[in-house]
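A short write-up of the structure that comes next.
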Amino acid sequence: MPTITHLSPEAFGTAVDGLADVLVDAVASGASLGFLQPFGHEDAAAWWRTRRSALDAGTLKVWAAHTPDGIVGTVSLALEPKANGRHRAEIVKLMVHRKARGQGLARRLLSTAERAAQEAGVTLLLLDTETDSTADRLYATTGWTRFGKVPAYASDPTGALQDCSFFYKELMPS
């Protein structure tokens with residue numbers, strides 16, 4: 001069973017290669033994460049490195065799921081920096097490498113981010129995902145409420161436009 005750890009800014013720097021591997025695998029398997037094919041390791045690592053300033057600022061929290069073979073999953077929590085929105089956050093980039101799927105890891109990562117949000121005083125979580133995807137079904141079965149679907153919202157890695165579902169989840173104050 002993979003171990004899930006919160007990545008400090010220092011740990012994040014050494015984890016970028018593993019996080020990039022997970023991102024490349026997710027895009028290669030068709031996940032609509034904002035990237036188009038061809039998409040390689042250098043592109044993925046460069047994208048992860050752009051997240052460092054948000055991590056340093058405390059507006060982004062990142063978790064990685066580790067096995068002895070390396071990182072096999074990740075999830076991030078984007079906290080709202082505006083004063084009128086500090087009660088809300090967004091779940092972003094929940095990914096599990098194909099070699100670790102089907103073991104409940106996505107649910108564990110999601111639960112980890114939800115708990116951390118609650119501990120940070122967040123009472124409203126938001127996210128979006130490709131309609132009818134595996135992730136869409138995950139959120140629908142873990143207490144999230146679909147509040148809309150937008151047709152042809154974003155393209156998948158091949159460039160084909162896909163519908164997107166938007167979800168929210170209310171959290172009890174801790």
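Derivation of every value follows stated rules applied to the coordinates shown; laboratory data play no part. Keep in mind the model is a prediction, meaning the values are calculated, not measured. So basically every Cβ, Gly included, is an ideal-geometry build from the backbone, and we count neighbours across all protein chains shown.
Between the stretch 87-153 and the stretch 159-174, the C-alpha centres lie 7 angstrom from each other. Could you list log10 I(q)/I(0) for the stretch 3-126 at q = 0.11, 0.12, 0.21, 0.22 Å⁻¹, which the Debye formula gives when each Cα is one point scatterer? The computed values of log10 I(q)/I(0) come out as -0.35, -0.42, -1.26, -1.35. Taking other C-beta atoms within 10 Å as the exposure proxy, Val150, Val27 rank Val150, Val27 from fewest upward.
Sparsely packed loop sites in the stretch 63-149 (the trypsin sites (Lys or Arg not before Pro) outside DSSP H, G, I, E and B with at most 16 other Cβ atoms within 10 Å) comprise Lys82, Arg86, Arg101.
Ordered by the count of other Cβ atoms within 10 Å of each Cβ, fewest first, Met172, Met1, Met95 give Met172, Met1, Met95.
With the cut-off at under 20 Å, measuring from each backbone N in the stretch 40-67 to a point 7 Å along the Cα-to-Cβ line of Thr142 picks out 60-67.
Here's the picture: a label point sits 7 Å out from the Cα of Ala11 along the beta-carbon direction, and within the stretch 101-143 the residues with their amide nitrogen under 20 Å of it are 105-121. Taking N as the residue count of the stretch 61-174, its C-alpha radius of gyration divided by 2.2 N^0.38 Å amounts to 1.09. Couplings for the stretch 69-81, taken from phi via the Karplus curve 6.51 cos²θ - 1.76 cosθ + 1.60 with θ = phi - 60°, read 8, x, 7, 10, x, 7, 8, 10, 10, 9, 7, 7, x Hz in order; Gly and Pro are left as x. If R0 is 25 Å, the Cβ-Cβ spacing of Thr158 and Ser111 corresponds to a FRET efficiency of close to 0.20.
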